[in-house]
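Let me begin by presenting the structure, written as C-alpha cells, before commenting on it.
The values are calculated or read from the model by the stated rules, or taken from the named source; none is laboratory data. Worth saying up front: this structure is predicted, and the values here are computed from it rather than measured. Counting neighbours? That spans all protein chains shown, and the Cβs are built from the backbone with ideal geometry, glycine included. Only protein heavy atoms, including side chains, enter the accessible area calculation; ligands, DNA and RNA are left aside. Shrake-Rupley method; radii C 1.70, N 1.55, O 1.52, S 1.80 Å.
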Amino acid sequence: MTFTDTEIDYMASQDLGRLATVAPDGTVQVNPVGFTHNPELGTIDIGGYRMAASRKFRNLATNDRVAFVIDNIASRNPWRVRCLEIRGTAEQVHTGADGGGTDGALIRVHPRRIISFGLDNLDLEPHQLVAHARDIG
C-alpha cells in the first residue's frame, strides 16, 4: 500500500493541494490544485479546467519530477500544523472524458517519497511531533 490509512483519511478531508513542476528553463512553478487519491494505482490524480493547455501539464513533457503538498493549520492555540508531502514523478494522462469545462487531461503523480507530519499522535504536544518519511518502491 502506498499511503497509510491515516494519510488517506487526511487526503479525503482536504480539497486543495499545491503541485510543484519544473519548467524547461529549470524554474520551479507551484500551483494550487484540486486532487483525488486513486486507490487502485496508489497515485494522486490532478485534473481541472483546460488541464492540457496549462503550464504545469506542459512542464511534464520535459521534466517529470514533481512535489505535491497538502497542508493545513489544525489549531492556532496550541499551534498545530498538518502536512503530507509527496515527491515523485508525474505523467500526462488523456482520459478521453471531456466535458464540464475539463478536457479529459490529468496529471497523475506517482509517489517515490512520502513525508507526513501531524496527522496522527494527536495527544502529543505539538513540539514533540516527528515527521514520518519513507521511500516507495
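Along the axis of the charge dipole computed for the chain (Cβ charges of +1 for Lys and Arg, -1 for Asp and Glu, origin at the Cα centre), the listed residues H127, P24, I73 are led at the positive end by P24. Can you give the FRET efficiency for R58 and R112, using 1/(1 + (r/R0)^6), R0 = 30 Å, r = Cβ-Cβ distance, to the nearest 0.05? Using R0 = 30 Å, I get an efficiency of 0.85. Estimated from helical segments only, the mean residue ellipticity of the chain at 222 nm is -2500 deg cm²/dmol, where each DSSP H run of four or more residues counts as -39500 (n - 2.57).
Entry comment: accessible area of the chain is 57 Å² per residue, from protein heavy atoms only and a probe of 1.4 Å.
Could you look at the chain and say what percent of its accessible area is carbon and sulfur, using a 1.4 Å probe and all protein chains? Summing carbon and sulfur atoms, their accessible area is 49 percent of the total for the chain.
Sequence-distant contacts, meaning Cα pairs under 8 Å at least 6 residues apart, place the relative contact order of the chain at 22 percent.
Dipole size of the chain about its Cα centre, with +1 on Lys/Arg Cβ and -1 on Asp/Glu Cβ: approximately 500 debye, rounded to the nearest 20.
Entry note, the range 1-78: relative contact order of 34 percent, from Cα contacts under 8 Å with a spacing of 6+ residues.
Sites listed here are GluC sites (Glu not before Pro) in the range 31-137 whose DSSP assignment is loop and whose Cβ has at most 15 other Cβ atoms within 10 Å: E40. Between I136 and R113, I114, the built amide H atoms are under 5 Å apart, and every one of these is 5 or more places off in sequence or on another chain.
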